[in-house]
1. Can you tally the net charge around Ile26? Count Lys and Arg as +1, Asp and Glu as -1, for every other residue whose Cβ sits under 15 Å from the Cβ of Ile26.
2. GluC sites (Glu not before Pro), restricted to the range 151-240: which are DSSP loop and have at most 14 other Cβ atoms within 10 Å?
3. Going through the cross-link list Lys23/Lys146; Lys163/Lys232; Lys146/Lys232, which pairs have a Cα-Cα distance over 21 Å in this structure?
4. With the dipole of the range 125-185 worked out from charges on the C-beta (+1 for Lys and Arg, -1 for Asp and Glu) around the Cα centre, which of His142, Gln182, Ala153 lies farthest toward the positive end?
5. Considering only DSSP beta bridges whose two residues both sit in the chain, what percent are antiparallel, to the nearest 5?
6. Please turn the phi angles of the range 119-126 into ³J(HN,Hα) values with the Karplus equation 6.51 cos²θ - 1.76 cosθ + 1.60 (θ = phi - 60°), one per residue in order, whole Hz, x for glycine and proline.
7. Counting only trypsin sites (Lys or Arg not before Pro) that are in a DSSP loop and have at most 10 other C-beta atoms within 10 Å, tell me the longest site-free stretch of the chain.
8. Per 5 Å bin from zero, what fraction in whole % of the C-alpha pairs of the chain is there, up to the bin with the longest pair?
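Just so you know, all these numbers are worked out from the coordinates, no wet-lab data involved. Computed from a prediction, not measured in an experiment: that's the story for all the values here. Every residue, glycine as well, gets a Cβ built from its backbone with ideal geometry; the counts of neighbours run over all protein chains shown.
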Amino acid sequence: MTRSGRGFSERVNAPTPEGQLMKIGIIGAGNIGGNLTRRLTALGHQVSIANSRGPHTLSALAEETGATPVTVEQAADGAQVVVVTIPLKNVPALPKGLFDKAADGLAVIDTGNYYPKERDGRIDAIEDGLPESRWTEQHIGHPVIKVFNGTYAQDLLDRPRPKGAPDRVAVPVAGDDAAAKQLVRELVDELGFDTVDAGGIDDSWRQQPATPVYGLRGNTAEVTEALAAAPKERPAAHSA
């Protein structure tokens with residue numbers, strides 16, 4: 001989810017001395033991918049960034065952030081976390097064996113959304129009820145943790161707050177791998193946001209576009225309530 005806006009304050013919620021700095025690969029350099037690159041490098045993580053057009057197109061972002069431009073095939077090499085933040089229709093084109101050289105215990109973050117009318121075209125399995133992130137898992141061959149799919153990109157820069165701040169925004173996090181989910185929730189906390197456990201990937205439809213939590217800038221109680229209020233039926237505006 002994207003929105004233009006102001007710049008960001010670096011190190012709003014910098015790692016504690018015992019915090020673990022990680023190697024993180026980001027596939028997709030659009031609004032979400034670019035702003036995650038800015039935040040994660042500011043926090044001290046080692047970030048590799050890739051897009052479909054090649055490393056030479058990422059020189060400006062690399063110069064700004066210190067991230068390393070790589071090919072998509074290299075993005076997961078040695079990574080403890082990989083963020084897949086590309087149009088859903090492009091997921092099947094990701095290279096086979098993408099995660100073969102990743103670190104043990106890899107957590108894969110999926111920020112994707114299905115926009116059939118605006119971008120992706122009809123995907124029959126999703127229209128028939130398969131959650132978007134389950135479809136992504138099937139294509140990439142690795143479990144995913146769904147987060148930040150309903151977050152305005154500029155909020156990643158403008159809205160981080162220290163833990164306990166009264167205006168700290170919460171985001172839902174769905175996934176089946178408990179260890180990977182915990183790692184991602186800790187990373188989101190480091191980025192300056194609270195998290196709400198939104199269940200497994202089969203429950204992740206609750207945070208898809210047009211649900212009450214999508215785009216919500218709420219606290220943990222409000223996000224929890226919005227997840228519970230999600231209708232199972234996909235709205236016509238977000239169907240092919």
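1. Values: positive: Lys23, Arg38, Arg39, Arg53; negative: Glu64, Glu73, Asp77, Asp110.
Neighbourhood net charge equals 0.
2. Values: sites: Glu186, Glu190, Glu222, Glu225, Glu233; in loops: Glu233.
Those satisfying the criteria are Glu233.
3. Working: Lys23/Lys146 19 Å; Lys163/Lys232 33 Å; Lys146/Lys232 18 Å.
From the list (Lys23/Lys146; Lys163/Lys232; Lys146/Lys232), the Cα-Cα distance tops 21 Å for Lys163/Lys232.
4. It is Gln182.
5. Numbers: 2 of 23 bridges.
The antiparallel proportion sits near 10 percent.
6. 8, 8, x, 6, 10, 4, 4, 6
7. Details: sites that count: Arg6, Arg53, Lys96, Lys232.
Value returned for the longest uninterrupted segment is 97-231.
8. 1, 7, 15, 20, 21, 18, 12, 6, 1, 0
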